[in-house]
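> The following block contains the structure, expressed as structure tokens.
The values are calculated or read from the model by the stated rules, or taken from the named source; none is laboratory data. The structure presented is a predicted model; accordingly, all values stated were derived computationally and were not measured. Neighbour counts run over all protein chains shown; Cβ positions are idealised from the backbone, glycine included. Quick note on the areas: whole protein, heavy atoms, side chains included, nothing else; ligands and nucleic acids left out. Shrake-Rupley method; radii C 1.70, N 1.55, O 1.52, S 1.80 Å.
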Amino acid sequence: MREELVCLDPGIGFGKTVAHNLELVRRLDELAAIGRPLLVGISRKSTLGKVTGDPMRRSAPPPASVGGAVSAFDRGASILRVHDVREHVEALAVAKAVAG
């Protein structure tokens with residue numbers, strides 16, 4: 001496969017603990033240093049529900065998803081899989097403007 005067709009996905013969720021998922025987002029800049037686009041799908045993940053205080057929650061509310069997406073963007077994610085598109089687009093427009 002041609003390298004220019006490859007993006008990296010750290011696989012948020014998929015059997016990982018909350019700590020594992022947060023560590024992956026925290027260290028996205030290390031993956032970004034490889035030079036390939038980063039795909040992050042953190043929208044509505046149960047990890048975010050647990051972070052917001054409900055350990056039994058199976059999916060996160062939209063504000064938690066937006067917060068996770070902005071954190072991923074700030075660390076180098078360039079492709080985001082989201083559910084609440086308008087909210088994410090607006091939040092990411094602000095994050096991009098702040099980043100310059």
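> Find the residue count for the range 1-44, including only residues that are of a type in the set (A, V, I, L, M, F, W, C) and over 25 Å from residue 87 (Cα atoms).
7
> Related question: Do we have residue 93 as within 23 Å of residue 8 (Cα to Cα) and either open to solvent by less than 50 Å² (accessible area, probe 1.4 Å) or touching a strand residue (DSSP E or B) at 6+ places or on another chain (Cβ under 6 Å) (or both) here?
The answer is no for residue 93.
> Another question, if that's okay. Being in contact with a helix residue (DSSP H, G or I) (Cβ under 7 Å, 6 or more places away or on another chain) and either among the aliphatic types (A, V, I, L, M) or not in a helix (DSSP H, G or I) (or both) is the filter here, so list the residues in the range 61-82 that pass it.
64, 66, 69, 70, 72, 75, 76, 77, 80, 82
> Looking only at the range 1-60, count how many residues are surrounded by fewer than 17 Cβ atoms within 10 Å (Cβ to Cβ), part of a helix (DSSP H, G or I) and among the aliphatic types (A, V, I, L, M).
4
> Is at least one residue of the range 71-84 closer than 19 Å to residue 99 by Cβ, of a type in the set (S, T, N, Q) and surrounded by fewer than 17 Cβ atoms within 10 Å (Cβ to Cβ)?
yes
> Between a first residue in the range 83-100 that is free of Cβ contacts under 8 Å to residues at least 12 places away in the same chain and of a type in the set (A, V, I, L, M, F, W, C) and a second residue that is surrounded by 10 or more Cβ atoms within 10 Å (Cβ to Cβ) and in a helix (DSSP H, G or I), which pairs have beta carbons less than 9 Å apart while being 6 or more apart in sequence or on different chains?
Going by the 9 Å Cβ cut-off, the qualifying pairs are 94/70.
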